Amino acid sequence: MSESLIAYVNGEFLPMESATVHIEDRGFQFADGIYEVVACFNGFFLDIEPHLERLDRSCREINIILPMSQAALSDLVQEVYKRNPFRNAMIYIQITRGASARTHLPPPGLVPTVVITSRQLPIPPDTKVAQGASAITLQDIRWKRCDIKSIALLASVLGKQEAASRGAEEAIWLDEQGHALEGCSTNIFATIGDTLVTHPLDHQVLGGITRSMALKAAKACNIPVEERAWRLDEPGLSECMMSSTTNAIMPITLVNGQAVGDGLPGPMAMQLRSWMLADMEAMQA
Ligand code: PDD
């Protein structure tokens, strides 16, 4: 299967096997780079502009000058999609500062490395949605700029490993006061009373594109929304859910082995999920 996959690397479209970057790429040596994951349904990209805006912002925050316009990058993303066999695809874009002899301080004039790949979009089966996901909580051990979509994801890798070893799919990071921040690769929401609650955008969370989509859908439907610090043991909490490009909204029904609310996917999660899926369908009509 992988024989037929094509990747974009620094100006060339190459078979995945021969698509390589330099061993002294700063992404490899320092995790000195950023990334994006964009979903494509049947040729229609979901919110590509906000993804490319966020990519541009991540670059600016770490002083990498995006080596092409967002429009040119968008064209490349579409080209990579077309050259690969997946109808529903997950496009991965990675930009690093470039390659040079290893010194912490980057020398001036480096040419950023640009890699784009396309893979099958992993769509969670209905049975998974009907059951809900299971999560654990962990003390946040990440750096203090989680708003940047950095490729330095070691903490998240460890979090996912810990979750998997305890039979769960996601680990929710907690701050020192026990507030739920976000997951290793998802934003996290709760239903508290009749309100959809999620942590505000700051240095401790990524500004998820799906998070904005969910908040927009909720506000459009007059669901009260609060962006504030919250805890999983708050009185009135009846639902928990996670959002990401690959999950849309996914209910979380178990946290640390304990049922959330009645242990079933809640009405808020299912409503938001169906609105979002309807929007995605409409986009393809
Ligand atoms: N992860 N928070 C973190 C830490 C993430 O890594 C992600 C996305 C999200 C959700 O962002 P969005 O809705 O824009 O996908 C929140 C991607 C999918 C990944 O690393 O594969």
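Based on the alpha carbon coordinates of segment 1-50, what radius of gyration and maximum Cα-Cα distance (Dmax) apply, in Å?
Cα only, segment 1-50: 13.9, 37 Å (Rg, Dmax).
Calculate, for Gln70 and Gln139, the FRET efficiency according to 1/(1 + (r/R0)^6) with r their C-beta to C-beta distance and R0 45 Å; round to the nearest 0.05. Working shown, then result.
Values: r = 37 Å, r/R0 = 0.82.
So, using R0 = 45 Å, E works out to roughly 0.75.
Could you pull the Cα extents of segment 41-180 along its three principal axes, largest to smallest, in whole Å?
47, 41, 25
Ignoring everything except DSSP H segments at least 4 long, calculate the 222 nm mean residue ellipticity for the chain; use -39,500 (n - 2.57) per segment, divide by total residues, nearest 500. It would help to have the intermediate numbers written out before the result.
On the way: 7 runs with 80 residues, N = 285.
So the calculated ellipticity at 222 nm is -8500 deg cm²/dmol.
So for segment 127-278, what percent of the C-alpha to C-alpha distances run longer than 27 Å?
Numbers: 1518 of 11476 pairs.
Roughly 13 percent, once rounded to a whole number.
Quick check: convex hull of the Cα atoms in segment 2-120, volume per residue, rounded to a whole Å³? The partial results should precede the final answer.
On the way: hull volume 11.0 nm³, N = 119.
Normalising the Cα hull of segment 2-120 by residue number yields 93 Å³.
Any of Lys128/Lys160; Lys82/Lys216; Lys149/Lys216 with alpha carbons more than 28 Å apart? Name them for me. Spell out each step's value before the answer.
Values: Lys128/Lys160 18 Å; Lys82/Lys216 30 Å; Lys149/Lys216 22 Å.
Among Lys128/Lys160; Lys82/Lys216; Lys149/Lys216, the Cα-Cα distance tops 28 Å for Lys82/Lys216.
Binning every alpha carbon pair distance of segment 145-209 at 10 Å from zero, what are the percents per bin?
Going from the shortest bin to the longest, the percentages are 20, 50, 26, 3.
Obtain the nm distance between the two label points defined at Val157 and Asp233 by a simple spin-label model: each point lies 7 Å from its Cα along the Cα-to-C-beta direction.
3.3
Can you pull the semi-axes for the chain, root of five times each eigenvalue of the Cα gyration tensor, sorted largest first, whole Å? Display every interim value, and only then the final one.
Details: eigenvalues 218, 99, 59 Å².
For the chain, the semi-axes come out at 33, 22, 17 Å.
Can you give me the relative contact order of the chain as a percent, contacts being Cα pairs under 8 Å and 6 or more apart? Walk me through the numbers before you get to the answer.
On the way: 567 pairs, mean separation 49.2, N = 285.
Once normalised by length, the contact order is 17 percent.
For the residue pair Leu201 and Ala130, what label-to-label distance in nm results when each label sits 7 Å from Cα along the Cα-to-beta-carbon direction?
3.7
Would you please put 68-77, 238-247, 28-37, 121-130 in order of how densely packed they are, using the mean number of other Cβ atoms within 10 angstrom per residue and starting with the highest? List each step's numbers first, then the result.
Numbers: 68-77: 15.1, 238-247: 22.7, 28-37: 19.9, 121-130: 12.8.
Per-residue Cβ counts within 10 Å, averaged per peptide and sorted highest first, yield 238-247, 28-37, 68-77, 121-130.
Quick check: Cα centre of segment 208-261 to Cα centre of segment 92-165, how many Å?
A separation of 21 Å, based on Cα centres.
Could you sort the peptides 248-258, 215-225, 174-184 by per-residue average Cβ neighbour count (10 Å cutoff), highest mean leading?
Working: 248-258: 20.0, 215-225: 14.3, 174-184: 18.1.
The peptides rank, most packed first, as 248-258, 174-184, 215-225.
Only the coordinates and a few stated rules stand behind these numbers; no lab work does. All of these numbers come straight from a predicted model, not from anything done at the bench. Ideal geometry is used to build each Cβ from the backbone, glycine not excepted, and the neighbour counts take in all protein chains shown.
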